[in-house]
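Undergrad: Dumping the structure here so I can ask a few things about it.
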Amino acid sequence: MNINKAINIEDLHRMAKRRLPKIAFDFIEGGLEDERGLERNTSAFHKYQLLPRYLVDVSRRDQSKAVFGQTFSSPFGISPTGGTSLFRDHADLMLAEAARDANIPYIMSGASSETIEAAARIAPKNHWYQLYSARDPQINADLIRRAADAGLGAFVLTVDTPVGGKRERNIRNGFANIRGGLFQALSLKPSILAEALTHPGWILEYLKRGGGTPMLGNWQPYAPAGASAEQVYKFVSSVRPFNAQTWRDVETYRKLFPRALVIKGIMSPADALRAIDVGCDGILVSNHGGRQLDQAPASLDVLPAIRAAVGDRLTLLLDSGIRRGADILIALCLGADFCFMGRPTLYGAAAGGLPGVKKAIDIFVNEIDLVMGQIGCPSLSELGPDFLWQPDWQRNR
Ligand SMILES: Cc1cc2nc3c(=O)[nH]c(=O)nc-3n(C[C@H](O)[C@H](O)[C@H](O)COP(=O)(O)O)c2cc1C
């Protein structure tokens, strides 16, 4: 598998599929129930066409973008993805390193295998953390303290997981999901194991790690001393999901974290307005990549309504379904300040480790650059609805 041969994200997707056993690939790929949300997420972008403007000097194109007071080299970052050791050992740290080298933000998942502190050592300026709240407020406060002490630029609270989604691929593959919790423990049934054995690269890493469920690194300090990865998983399942979480908890977190506070998973304009009221700096408009509510709209489709409701009082980040540089430009035209993606960089990690993640990022950077040139847009600040073709031709200017 030669990562250099990948020319688009779909190539990395195919390479990841080849390297991973079904149980691991399905975990990345899957949505839930009928997986209609997955399809909605990508087709939302395909509804739009960019209207090119020519005879504009595009000899220099600048895709840098500032968010929460920091300028990044590109208008996208890496969304939080849990259980990454299932696809590639130390993938969390690879994502952090690749983000640092490309100068884009990396959001560490609340279900990461590695710790906040380890990623902060690698990427101190590019590292954000995503919290899955626990029932125990002291754990939440301590995780926020750790993120603050590590100097992280933003703290992201995921709110679209009050209960676990019915991820049917994982159920069929035999993942254990204790008490309807969000995190799913890996257990290889004989038939699944037989298929996994046909993926020697993956199985060697799995055995080297000692098999079983990956460690939930950030939660280890709160579990009983000396707990194994399986025991930490069981401990976390006993405090998750925290489905009594409310806006009051956000108010508490607001007081505890000194820098940017972002809520991930907000889809309704009313919730976006509430986020302003409780002092959030931004929201990540997201349907969790189609993994939580199969009937949810695409995040791109709700974006204009949210932008109209909040004006410029809230920074709007967006993920779910982005597979091309042009998708990012479309989201920016529709009112996003910044974009994120989950699966594309995971495909890179699974297919080729650190070089694979870097490849995924490079693909997006190059595609953004080319499309900016093609549509006559030397700087992202110029993007807006006028760059989108309106199906009602009379509305085009
Ligand atoms: C394998 C995987 C694990 C994920 N884990 C988390 C997580 O731990 N926390 C979270 O807030 N979102 C998680 N997500 C959702 C992503 O943050 C993001 O919202 C989603 O992947 C965006 O859609 P995309 O994959 O189409 O880019 C996960 C997504 C995937 C694919």
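Undergrad: Pairs only if they're at least six apart or on different chains, beta carbon under 7 angstrom, first in the stretch 40-53 and outside any helix (DSSP H, G or I), second polar (S, T, N, Q); list them, first residue then second.
TA: Short answer, once both residue conditions are applied: Leu51/Asn396; Pro52/Gln374.
Undergrad: Can you list residue pairs whose Cβ atoms sit under 8 Å apart, with the first residue in the stretch 201-225 being at positive phi and the second being in a helix (DSSP H, G or I) and of a type outside the set (Lys, Arg)? Count only pairs 6 or more apart in sequence or on different chains.
TA: These pairs meet every condition: Gly210/Ala229; Gly212/Ala229; Gly212/Glu230.
Undergrad: Can you tell me which residues in the stretch 229-240 are part of a loop (DSSP other than H, G, I, E, B) and free of Cβ contacts under 8 Å to residues at least 12 places away in the same chain?
TA: Those that are part of a loop (DSSP other than H, G, I, E, B) and free of Cβ contacts under 8 Å to residues at least 12 places away in the same chain: none in the stretch 229-240.
Undergrad: I'm checking my understanding of the structure. Among residues of the stretch 271-290 that are in contact with a helix residue (DSSP H, G or I) (Cβ under 8 Å, 6 or more places away or on another chain) and over 16 Å from Arg254 (Cβ atoms), which one is surrounded by the fewest Cβ atoms within 10 Å (Cβ to Cβ)?
TA: Restricting to residues being in contact with a helix residue (DSSP H, G or I) (Cβ under 8 Å, 6 or more places away or on another chain) and over 16 Å from Arg254 (Cβ atoms), the top hit is Gly289.
Undergrad: Give the residues of the stretch 130-178 that are in a loop (DSSP other than H, G, I, E, B) and under 19 Å from the mean Cα position of the chain (by Cα), sorted by residue number.
TA: Tyr132, Ser133, Leu152, Gly153, Val159, Asp160, Thr161, Pro162, Val163, Gly164, Gly165, Arg167
Undergrad: Regarding Gly321, is this residue closer than 18 Å to His13 by Cβ and surrounded by 24 or more Cβ atoms within 10 Å (Cβ to Cβ)?
TA: So Gly321 passes the test.
A quick yes/no check of all residues on (1) within 14 Å of the ligand (Cβ to nearest atom); (2) out of contact with any Pro (no Cβ under 8 Å at 6 or more places or on another chain); (3) of a type in the set (Val, Ile, Thr):
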site: Asn126; (1), (2), (3): no, no, no
site: Pro137; (1), (2), (3): no, yes, no
site: Asp160; (1), (2), (3): yes, yes, no
site: Val163; (1), (2), (3): no, no, yes
site: Asn173; (1), (2), (3): yes, yes, no
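Undergrad: Looking at the stretch 351-377 only, could you name the residues that are more than 13 Å from the ligand (Cβ to nearest atom), of a type in the set (A, V, I, L, M) and crowded, with 20+ Cβ neighbours inside 10 Å?
TA: If the condition is that a residue be more than 13 Å from the ligand (Cβ to nearest atom), of a type in the set (A, V, I, L, M) and crowded, with 20+ Cβ neighbours inside 10 Å, then Ala351, Val357, Ile361, Ile363, Ile368, Val371, Met372, Ile375 are the ones that fit.
Undergrad: Would you confirm whether any residue within the stretch 241-256 is at pLDDT below 95 and loosely packed, with under 14 Cβ neighbours inside 10 Å?
TA: For the stretch 241-256, residues at pLDDT below 95 and loosely packed, with under 14 Cβ neighbours inside 10 Å: present.
Undergrad: Here's another thing I want to ask about it. Which condition from (1) part of a helix (DSSP H, G or I); (2) more than 24 Å from Phe68 (Cβ to Cβ) is the one that Gln390 breaks?
TA: Exception for Gln390: condition (1).
Undergrad: Can you tell me which residues in the stretch 241-258 are part of a helix (DSSP H, G or I) and either charged (D, E, K, R) or more than 15 Å from Tyr132 (Cβ to Cβ) (or both)?
TA: Listed by number, the residues that qualify are Trp247, Arg248, Asp249, Glu251, Thr252, Arg254, Lys255, Leu256.
Undergrad: Assess whether Gly265 counts as being closer than 20 Å to Leu152 by Cβ and under 22 Å from the mean Cα position of the chain (by Cα).
TA: Yes, satisfied.
Undergrad: What single numbered condition from (1) in contact with a strand residue (DSSP E or B) (Cβ under 8 Å, 6 or more places away or on another chain); (2) free of Cβ contacts under 8 Å to residues at least 40 places away in the same chain; (3) over 22 Å from Pro355 (Cβ atoms) fails to hold for Arg100?
TA: (3)
The values are calculated or read from the model by the stated rules, or taken from the named source; none is laboratory data. None of the values given here were measured: they were computed from a predicted structure. Neighbour counts run over all protein chains shown; Cβ positions are idealised from the backbone, glycine included.
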